[in-house]
1. Are any residues in the range 47-63 in contact with a helix residue (DSSP H, G or I) (Cβ under 7 Å, 6 or more places away or on another chain) and either under 29 Å from Ala117 (Cβ atoms) or assigned to a loop (DSSP other than H, G, I, E, B) (or both), and if so, which ones?
2. In the range 8-17, how many are touching a residue at least 40 places away in the same chain (Cβ under 8 Å), under 24 Å from Pro87 (Cβ atoms), surrounded by 14 or more Cβ atoms within 10 Å (Cβ to Cβ) and not acidic (Asp, Glu)?
3. Condition (residue is among the basic types (Lys, Arg), surrounded by 10 or more Cβ atoms within 10 Å (Cβ to Cβ) and either assigned to a loop (DSSP other than H, G, I, E, B) or at pLDDT 95 or above (or both)) applied to the range 64-82: is it met by at least one residue?
4. All but one of (1) of a type in the set (Ser, Thr, Tyr); (2) within 16 Å of Phe103 (Cα to Cα); (3) not assigned by TED's automatic domain parsing to the domain that holds His108 hold for Ser44, so report the exception by its number.
5. Please determine whether any residue of the range 115-125 is assigned to a strand (DSSP E or B) and not assigned by TED's automatic domain parsing to the domain that holds Leu24.
6. For the range 15-23, state whether one or more residues are closer than 16 Å to His108 by Cα, at pLDDT below 95, not in a strand (DSSP E or B) and not assigned by TED's automatic domain parsing to the domain that holds Val76.
7. Of these, Glu106, Glu86, which one is exposed (fewer than 11 other Cβ atoms within 10 Å of the Cβ), closer than 17 Å to Phe19 by Cβ and under 17 Å from the mean Cα position of the chain (by Cα)?
8. Go through (1) at pLDDT 95 or above; (2) over 25 Å from Tyr9 (Cβ atoms) and name the single condition Ile112 misses.
Amino acid sequence: MISTNIILYCKEWEQTVRFYKDRLLLPVNFSTDWFVEFILTASSRLSIANEKRSSIKSCAVKGITLALEVEDIEAVREDMVITGLEPTAIREHSWAARVFYLFDPEGHRIEIWQKIADETKDNFVC
């Protein structure tokens, strides 16, 4: 695999695009009047498509979680609170990570996580 792109088909397209662009500050890689592609990493993208203009419709948030790994979970959460977002508290998971959650305007769950530095936690259970 060379790259990945997750495409979310949205009913609340404009509001969802603004959320990822203005609130999460993701850089735009490509944009049309119904489709915006954001850069997550050098080889991974997240796209927001307007379901009114596409052949695929919104999944109505059934089973969607965007899991995004960060280097400094406290700083990321603090920045989100400062910008008016309402992330959950940070908690530790049994799969050797610290996480918090928030939701985009379409209702997709976003999981922000950071690996716990303890390298002895090789077993990972969801």
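1. Lys57, Ser58
2. 4
3. So in the range 64-82, the residues among the basic types (Lys, Arg) come out as 77.
Then drop every residue that is not surrounded by 10 or more Cβ atoms within 10 Å (Cβ to Cβ), which leaves 77.
Add one more test, that the residue is either assigned to a loop (DSSP other than H, G, I, E, B) or at pLDDT 95 or above (or both), and what stays is 77.
Within the range 64-82, one or more residues are among the basic types (Lys, Arg), surrounded by 10 or more Cβ atoms within 10 Å (Cβ to Cβ) and either assigned to a loop (DSSP other than H, G, I, E, B) or at pLDDT 95 or above (or both).
4. Every condition holds for Ser44 apart from (2).
5. Our first condition is that a residue be assigned to a strand (DSSP E or B); within the range 115-125, this holds for 115.
From the residues that got through so far, the ones that are not assigned by TED's automatic domain parsing to the domain that holds Leu24 too are 115.
Yes, some residue in the range 115-125 is assigned to a strand (DSSP E or B) and not assigned by TED's automatic domain parsing to the domain that holds Leu24.
6. yes
7. Being exposed (fewer than 11 other Cβ atoms within 10 Å of the Cβ), closer than 17 Å to Phe19 by Cβ and under 17 Å from the mean Cα position of the chain (by Cα) holds for just one of Glu106, Glu86, which is Glu86.
8. Result: Ile112 passes all but (2).
The values are calculated or read from the model by the stated rules, or taken from the named source; none is laboratory data. On a predicted model such as this, the values are computed, not experimentally measured, just so you know. In this analysis, Cβ positions are derived from the backbone assuming ideal geometry, glycine residues included, and neighbour counts consider all displayed protein chains.
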